[in-house]
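Nothing in this text is a laboratory measurement; each read-out follows from the coordinates by a stated rule. Since the model is a prediction, treat every value here as computed from it, not as a measurement. Cβ placement follows ideal geometry from the backbone for every residue including glycine, while neighbour counts extend to all protein chains displayed.
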Amino acid sequence: MGFLACVTLISKILLQDIWRYGRYDGEADKLKIGWDDRLPESLLKRWYTFAGELNALQALRVVRSLRPLDFDPALTTYQLHTFCDASTRGYGAVVYLRAQCRSSTAVSLVTARAKVAPVRQQTIPRLELMGAILGYRLGVRTKRTLKVNIDSVTWWTDSSTVLHWLRTEATLYSAFVANGKEEIREGSNSSERRHLPGAQNPADDGSRGIYATELNADQRWFQGPSFSREHPSKWPINNGQLPEGPDLEEMHPVHIRAVTAAESRIDRLIETSTSLTALERSVAEMDGFSEKPTVARLRRALEKCVRRVQEGHFQAEIDAIHNGRCIPRTSNVLKLSPFLDQFGVLRVGGWIERTPIDQDAIHPMLLPHRHPLTNLVIKDAHERCFHSQIDRTL
């Protein structure tokens with residue numbers, strides 16, 4: 001049920017710290033801490049403190065009834081409230097059932113989850129989003145499991161950044177943020193998502209962890225925030241302000257540029273040409289030469305077409321290389337180590353520079369999957385191989 005998730009998170013964080021301490025040393029090819037080695041005193045002290053306080057849980061008594069005995073089942077209404085939060089060490093979510101009968105209100109802890117933050121460092125807004133996703137999934141599962149009629153569901157977070165993300169279009173953000181926020185948006189309404197001050201968020205205990213001696217049945221972890229037993233008019237007002245300095249690194253840059261008449265004509269030629277040779281000749285003739293195009297001019301024409309297509313599909317990668325930045329982690333071609341050649345064409349990188357084969361084979365030009373130009377290149381290679389099988393065409 002996760003009633004002790006806020007306590008067990010302490011042990012999870014300790015285990016992660018032990019693993020971090022025991023990673024391979026950069027100067028010695030051996031573990032700093034082996035499986036049979038004694039832990040350092042700093043870690044041992046934390047473990048003894050945690051283990052020694054677990055006995056305090058024996059005196060903990062939690063009321064399991066979600067509806068008080070004096071509540072008339074026929075007159076009782078139910079609301080589900082999910083709270084989520086995150087810290088640098090973990091993120092968590094906790095779900096409460098709010099039962100109301102006439103003028104009486106009772107709030108009970110239903111379930112909770114707490115997880116350690118990934119070893120790979122994440123920004124706080126990203127961790128807050130991970131907590132929101134955890135809370136959403138936990139709330140959906142709880143609503144499906146409880147055998148009572150839930151009148152309304154409310155999702156609470158103290159992160160104005162996450163609420164801001166949920167109000168904007170997914171196409172503006174990285175895949176991680178876009179996929180996470182869309183999962184929440186698809187299963188909840190904007191009116192159900194609310195903001196509360198961090199000091200009133202019970203999920204804060206699940207994201208940082210608390211020791212067993214600090215936990216008791218009267219604490220907010222079991223009772224929920226005090227405002228949850230009051231009239232909705234006294235609940236925290238939604239924070240409509242945008243976060244300070246919203247996480248622009250999560251947003252995809254929107255590239256806006258004017259398309260020249262020549263570029264527009266190249267786009268039409270790529271769409272309408274029936275062969276790669278015809279496309280090359282048509283683009284080469286755009287320069288105004290009346291004589292038969294040379295091999296070099298046909299080559300430049302093909303590169304011009306490739307650049308035009310790459311600008312529409314790999315603009316983020318091209319901008320990053322131009323500005324000396326790393327390729328975005330979300331790029332589909334990151335593992336290909338792309339680079340720009342002297343003509344501005346994006347090519348596949350590699351370590352076989354001295355191989356005595358054609359440069360186009362060593363560093364192929366990058367083209368998007370199933371694009372008309374890509375299809376023309378494949379068709380041309382297939383015809384040059386006299387319609388051979390796929391392996392020969394490749």
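So if I take the alpha carbon set of the range 85-229, get Rg, then get Rh from the Kirkwood formula, what is the Rg over Rh ratio?
0.97
If you average the sequence gap of Cα pairs under 8 Å that are 6 or more apart and divide by the length of the range 146-209, what percent do you get for the contact order?
Relative contact order comes out at 44 percent.
Which whole-number percent is the relative contact order of the range 65-156 (Cα, under 8 Å, 6+ apart)?
Here the relative contact order equals 37 percent.
Projecting each Cα onto the charge dipole of the range 1-135 (Lys/Arg +1, Asp/Glu -1 at the beta carbon, about the Cα centre), which of 121, 87, 74 comes out farthest on the positive side?
Checking the options against the dipole of the range 1-135, the answer is 74.
Please enumerate, by chain and number, the lysines with C-alpha under 23 Å from the C-alpha of residue 379, excluding those fewer than 8 residues away in the same chain.
The reachable lysines, counting only those whose Cα sits under 23 Å from residue 379, are 304.
Any idea what the alpha-carbon Rg over 2.2 N^0.38 Å comes to for the range 1-139? Can you show the working numbers first?
Numbers: Rg = 20.3 Å, N = 139, 2.2 N^0.38 = 14.3 Å.
Here the answer is 1.41, to two decimals.
Normalised by the number of residues in the range 1-144, what is the relative contact order in percent for Cα pairs under 8 Å and 6+ residues apart?
24 percent.
Using Cα centres only, tell me the gap between the range 261-298 and the range 132-177 in whole Å.
52
Where does the charge balance sit around residue 102 when Lys and Arg score +1, Asp and Glu -1, over other residues with C-beta under 11 Å from its C-beta?
The answer is -2.
Using 25 Å as the Cα-Cα cut-off, could you pick out the over-long pairs in 147/234; 115/335; 143/181; 45/115; 12/335; 115/143?
Values: 147/234 29 Å; 115/335 30 Å; 143/181 20 Å; 45/115 22 Å; 12/335 33 Å; 115/143 21 Å.
Going by Cα-Cα distance, 147/234; 115/335; 12/335 fall outside the 25 Å limit.
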